[in-house]
Every structure is written in C-alpha cells, then in structure tokens.
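Report on the structure given below.
The values are calculated or read from the model by the stated rules, or taken from the named source; none is laboratory data. These figures come from a predicted structure and were not determined experimentally. No Cβ is skipped: glycine too gets one built from the backbone with ideal geometry, and neighbour counts run over all protein chains shown.
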C-alpha cells in the first residue's frame, strides 16, 4: 500500500502540474494584439483614425494574430468594452494606442483626459509586453517612465517624442505585424526601419526598453528594485 508520504508527494506533484497549466493559460498569446483608438469620434472628424488600417495590415501580414479593436467614445463606454475583455485569458502581448496626447497625458475618451500613470493602470490588467503609441510626444522620457513604472510586464515601448502627422507614423503599420510575428525581433532591422521612416517622412519612432527605464530611476529606487 502507498505510504502517507508517497500520497502527499503525488498530491504535491499534481498541484504543481495544475499550477503550471494555469500559469500557461494566463500568459499572453505570442501574437495577441489589442488596438485602442482613443476618443474615436474626434479622430474620425480629423481623418486621423488608424485602428482599422492597423488591423487590416496585421490580418494580411500576420494572419494568425488574435486581434481585438476597441474604439472609445465616453469613459462609460470604454469601461463597458474593457469589461467585455476582462476574462482571465484576455491578456495581450501588444497594445497599439491611437490618440491625441502630450508628454503629460492622453485624451483617453471624449470626456476623460488622463496622466500617463493613470492610463497605464487602465491597460495593466492586460499584462502587455509591448506598447506602440501612435500619439504626439508619447515617446518622451516621462511617458516611458510612467508606463514602465505601472506595468511590470512591459518590456518595450515604440513611440514618437515629437508632434507627428499621420504620414510620419505610417511605418508603424509595418512594425506591428513584424513584432507580432518575430520570435526575437532583429534590432538592426528595426533601426533600419526607423532610419528609412525618418528619411522618407522626417518622422521619428523611438524604441524604449525597460533597461533604459532602469537607468533613469533614482539610485534609491534602483537599489530596491
């Protein structure tokens, strides 16, 4: 007959297997994408919508990607749409954000402007690893610090530090499917894309890494991290 010790060992092994399965289920899909278009009505009135364009390119170039599109109008409608996505397995490897912003914050909905720290708390439950911001001045140091600070899973941010036009961020439509499809993105290839975009449009897209963020933290914060 099995001893009490052997039965306990079998139970512990079974629990570990269940825990591993749950962890795997909660991990974001490698090619999962959430596209968030902020204050969509205003963007539409200015012919600045890009969510549908990004989705179309991703569907064409990364057909295996799982894509969700959220277009915000009011804060209440955004809460409802996020609630629809708030399932245990609704975690996105990448979030693309389209909207009006500055180095201080983002126009999240028609009736809500939020700081970058506050915005980060809105999307943190989705556990993104990459965020692409199609928004003016979102690539400056302050937004990057805020996002890395509030989203522990975040590894990379792609954004422009300047006021940008729709033409200057067209390269993002090629960048997103590439990042979704590549197991290990080629840094040199990304740099070439950044250079080509600048030469063709005078638009700049920066790539922030969490290690860059750590360098900007106060010494006391680095020592406690």
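Structure values in brief
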| item | result |
| --- | --- |
| Complete set of residues in the stretch 90-135 that are assigned to a strand (DSSP E or B), over 9 Å from the mean Cα position of the chain (by Cα) and touching a residue at least 24 places away in the same chain (Cβ under 8 Å) | 98, 101, 106, 107, 108, 109, 112, 115, 134 |
| Count - residues of the stretch 173-209 that are farther than 20 Å from residue 32 by Cβ and either buried (at least 16 other Cβ atoms within 10 Å of the Cβ) or out of contact with any strand residue (DSSP E or B) (no Cβ under 9 Å at 6 or more places or on another chain) (or both) | 21 |
| Answer residue from the stretch 176-193, given it is assigned to a helix (DSSP H, G or I) and under 19 Å from the mean Cα position of the chain (by Cα) and is nearest to residue 97 (Cα to Cα) among those | 176 |
| Selection from the stretch 164-175 of residues that are in a helix (DSSP H, G or I) and within 16 Å of residue 61 (Cβ to Cβ) | 172, 173, 174, 175 |
| Members of the stretch 126-147 that are surrounded by fewer than 24 Cβ atoms within 10 Å (Cβ to Cβ) and more than 12 Å from residue 93 (Cα to Cα) | 135, 136, 137, 139, 140, 141, 142, 145, 146 |
| Residue, nearest to residue 166 (Cα to Cα), within the stretch 33-46, restricted to residues that are out of contact with any strand residue (DSSP E or B) (no Cβ under 6 Å at 6 or more places or on another chain) and in contact (Cβ under 8 Å) with a residue 12 or more places away in the chain | 43 |
| Verdict on residue 90 being under 15 Å from residue 125 (Cβ atoms) and modelled with pLDDT under 95 | yes |
| Conditions (1) modelled with pLDDT of 50 or more; (2) in a helix (DSSP H, G or I); (3) surrounded by fewer than 12 Cβ atoms within 10 Å (Cβ to Cβ); number of the one not met by residue 25 | (1) |
| Meets criteria (assigned to a strand (DSSP E or B) and surrounded by 19 or more Cβ atoms within 10 Å (Cβ to Cβ)) for residue 78 | no |
| Enumeration of residues in the stretch 61-80 that are within 12 Å of residue 176 (Cα to Cα) and without any contact (Cβ under 8 Å) to a residue 60 or more places away in the chain | 67 |
| Which numbered condition residue 87 misses (of (1) loosely packed, with under 15 Cβ neighbours inside 10 Å; (2) assigned to a helix (DSSP H, G or I); (3) over 17 Å from the mean Cα position of the chain (by Cα)) | (2) |
| Residue ID - nearest to residue 86 (Cα to Cα), chosen from residues in the stretch 148-172 that are touching a residue at least 60 places away in the same chain (Cβ under 8 Å) and buried (at least 18 other Cβ atoms within 10 Å of the Cβ) | 148 |
| Residue that is in contact with a helix residue (DSSP H, G or I) (Cβ under 8 Å, 6 or more places away or on another chain), buried (at least 17 other Cβ atoms within 10 Å of the Cβ) and modelled with pLDDT under 95, where the choices are 120, 65 | 65 |
